[in-house]
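The values are calculated or read from the model by the stated rules, or taken from the named source; none is laboratory data. Quick caveat, the model's predicted, so the values are computed rather than measured. Cβ sites come from the backbone with ideal geometry, for glycine too, and all protein chains shown count toward neighbours.
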Amino acid sequence: MKLLLNRIASPLGDILLVIDEDQRARALSFADHQSRFLRQLDERYGRYELRDVPSPSPIGTKLARYFAGEFDALDDVQTAVEGSELQHRVWTAMRGIPAGQVTSYGELARDLGYTDPRMAVEVGAAVGANPIAIVVPCHRVIGKDGSLKGYAWGLHRKRWLLAHEGAMIRKDSAQPSLML
């Protein structure tokens, strides 16, 4: 499999975007997580050829538009990732959460039709396994108490993304509130 690596500058640090030859997003991470990123590519794809792409890809251009405030710029980005049926359901559902809004792990589980409250944990694991930051907006999933919980690329980035999208309503306090 041939994969293309696009390095993109962003307000959150350099982004590593992996796309395939059909211009589908396969992975997105940050340069300061490169070791883990490459390890995850190995786990997902086994044998692959990763080639640097010197100019921004179409998805890279859409990311720049997103960072400029055009939040729907990523809506039509095609993705192609390996995962379980539950992971794919969760990742698809996350793409339906509009910019500027958040949902909890439990709400996401209920939206997917699960009535057992313990499924929030399984849904949370699927959220955490998301390989495509920002495009698949796992940053929009928070704890039921409004806390940010975890984010594979750092809570500072999750906080920034939510503020950028307008989900943070009190920027003057140490712990900004979220619009729920």
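Filter the stretch 162-177 down to the residues that are at pLDDT 55 or above and either out of contact with any helix residue (DSSP H, G or I) (no Cβ under 8 Å at 6 or more places or on another chain) or within 11 Å of Gln101 (Cα to Cα) (or both) and list them by number.
Leu162, Ala163, Glu165, Gly166, Ala167, Met168
Quick check on the stretch 99-111. Is at least one of its residues part of a helix (DSSP H, G or I), in contact with a Lys or Arg (Cβ under 6 Å, 6 or more places away or on another chain) and surrounded by fewer than 20 Cβ atoms within 10 Å (Cβ to Cβ)?
Within the stretch 99-111 (the criterion being part of a helix (DSSP H, G or I), in contact with a Lys or Arg (Cβ under 6 Å, 6 or more places away or on another chain) and surrounded by fewer than 20 Cβ atoms within 10 Å (Cβ to Cβ)), the answer is yes, since at least one residue qualifies.
Results for (1) at pLDDT 95 or above; (2) exposed (fewer than 14 other Cβ atoms within 10 Å of the Cβ), shown as yes or no for each residue.
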residue: Leu16; (1), (2): yes, no
residue: Gln23; (1), (2): no, yes
residue: Phe37; (1), (2): no, no
residue: Gln40; (1), (2): no, no
residue: Arg44; (1), (2): no, no
residue: Arg47; (1), (2): no, yes
residue: Asp52; (1), (2): no, yes
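When both residues are 6+ apart or on different chains and their Cβ atoms are under 7 Å apart, which pairs have a first residue that lies in the stretch 134-157 and is not assigned by TED's automatic domain parsing to the domain that holds Arg89, and a second that is modelled with pLDDT of 95 or more?
none
Return yes when Asp52 is part of a helix (DSSP H, G or I), of a type in the set (Asp, Glu) and out of contact with any Pro (no Cβ under 8 Å at 6 or more places or on another chain) and no when it is not.
In short, no.
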